[in-house]
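The values are calculated or read from the model by the stated rules, or taken from the named source; none is laboratory data. The shown structure was predicted, so the numbers you read here are calculated from the model rather than taken from an experiment. Every residue, glycine among them, receives a Cβ derived from its backbone with ideal geometry; neighbour counts consider all protein chains shown.
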């Protein structure tokens, strides 16, 4: 009789479409079998999942682990531990680090760091800038996709690099499309943001006027960038993914272009469907993010879109900053971003307990859909024979209170401090290895592996 490395017994196995009871058998980092019967199996390690639910490990396609160059905020070690604690087994890290990931040389620097430090699987984005000659080499080197960050000004990039105009961008989009890769888009028209901001400052809107942040980034800023992106997608045939969608009108525009056959998908993070502009008075810089959190009308639309599937993916935009950068600067100079990988799945589980979303839809938006969109399915995002053994076990009955102190991120501050939630990940398994158990990291750095659509699985 074969001896398996790991058996998860008495499991309620949740997929994107159905839930079944059974037993999961793991060998050499992969799911070897899923049995409807408990059976007389032999395994080196057994986890009894009675009373709990077993989900595919989460795939978060938008995080900032700040490594290399900005490690006073976060690094691959602390960020990946936070992800594991939150039931996330695969992350895609953004390229705005030092040096930025815009060529093969800088990609290799980052990959080596992640190989040594990460507790979970990792994809590494490259910037989409004036780097047409780097697109194919970056794909061959192992990037997971490309970030078209329309919130970036040229002066924020190293000398000689800039955001291309539509003529140059169209050629880059075409090159990416040849490989079937996705361009992930931060959709803000920054020239309009600059215009709105200057006018608001001229009228005396100061650091304590929290709503100025929203008014400097009205939804027309998002719509303008979306139109530009969809034109480039239509010209090139390149797939685009809109990250951290923020508005009702933005969602309506995406659905319109999807009906026209444009290959576009989107995600939203918990910050944008949990909080609204009225919360700035309470949280201040703690929820200052970009694009801006808007008013309740938009917040409700984003949640409804995620729950029903109109917004395909939940992604956190985990973006740590120091306390000084978040709370000790003028309002205009407060850096945007907040942490999220450790709390995103629990927030969804709590809403499932309240009847606002199904567990199957949670699996779909936090695991299966991101894996499909970015070319990792069915190796990721699914519990089935042949898939990688990336698994999250959740206790839907566990009631707990979020605290700053339990955050693994270097940035301990979380705006969810004090939130009382029901439902929590209790075990996280990466490539067959238990890395988190009952909130404690028990795995080793380097457990995670590089992922991308083209790798030899």
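Assorted remarks:
- Beta carbons closer than 7 Å, at least 6 apart along the sequence or on distinct chains, pair a first residue in the range 269-280 that is over 16 Å from residue 339 (Cβ atoms) with a second that is modelled with pLDDT under 95 and outside any helix (DSSP H, G or I) for 277/211; 280/210; 280/211.
- Residue 105 being over 30 Å from residue 265 (Cβ atoms) and part of a loop (DSSP other than H, G, I, E, B): no
- No other residue among 363, 341 is crowded, with 24+ Cβ neighbours inside 10 Å and either outside any loop (DSSP other than H, G, I, E, B) or at pLDDT below 95 (or both) apart from 363.
- Among residues of the range 383-407, those that are outside any strand (DSSP E or B) and either touching a helix residue (DSSP H, G or I) at 6+ places or on another chain (Cβ under 9 Å) or surrounded by 19 or more Cβ atoms within 10 Å (Cβ to Cβ) (or both), counted: 7
- Consider the range 415-438 and keep the residues that are in contact with a helix residue (DSSP H, G or I) (Cβ under 6 Å, 6 or more places away or on another chain) and in a loop (DSSP other than H, G, I, E, B). The one that is surrounded by the most Cβ atoms within 10 Å (Cβ to Cβ) is 415.
- Some residue of the range 79-96 being without any contact (Cβ under 8 Å) to a residue 40 or more places away in the chain and either buried (at least 18 other Cβ atoms within 10 Å of the Cβ) or more than 30 Å from residue 393 (Cα to Cα) (or both): yes
- From 281, 324, residue being out of contact with any helix residue (DSSP H, G or I) (no Cβ under 9 Å at 6 or more places or on another chain), farther than 19 Å from residue 267 by Cβ and either in a loop (DSSP other than H, G, I, E, B) or at pLDDT 95 or above (or both): 324
- Test: residue in the range 52-75 that is in contact with a strand residue (DSSP E or B) (Cβ under 9 Å, 6 or more places away or on another chain) and surrounded by fewer than 17 Cβ atoms within 10 Å (Cβ to Cβ): no
- Matching entry among 410, 380 (being under 22 Å from the mean Cα position of the chain (by Cα), under 30 Å from residue 177 (Cβ atoms), outside any strand (DSSP E or B) and touching a residue at least 40 places away in the same chain (Cβ under 8 Å)): 380
- For first residues located in the range 30-43 and modelled with pLDDT of 90 or more, partners that are outside any strand (DSSP E or B) and surrounded by 18 or more Cβ atoms within 10 Å (Cβ to Cβ) and lie 6+ apart or on another chain with Cβ distances below 6 Å form the pairs 30/389; 31/387; 31/389.
- Test: residue in the range 4-12 that is assigned to a loop (DSSP other than H, G, I, E, B) and under 17 Å from residue 389 (Cα atoms): no
- Selection status of residue 197, modelled with pLDDT under 95 and loosely packed, with under 14 Cβ neighbours inside 10 Å: no
- Matching residues, the range 284-316, being in a loop (DSSP other than H, G, I, E, B), free of Cβ contacts under 8 Å to residues at least 60 places away in the same chain and touching a strand residue (DSSP E or B) at 6+ places or on another chain (Cβ under 8 Å): 289
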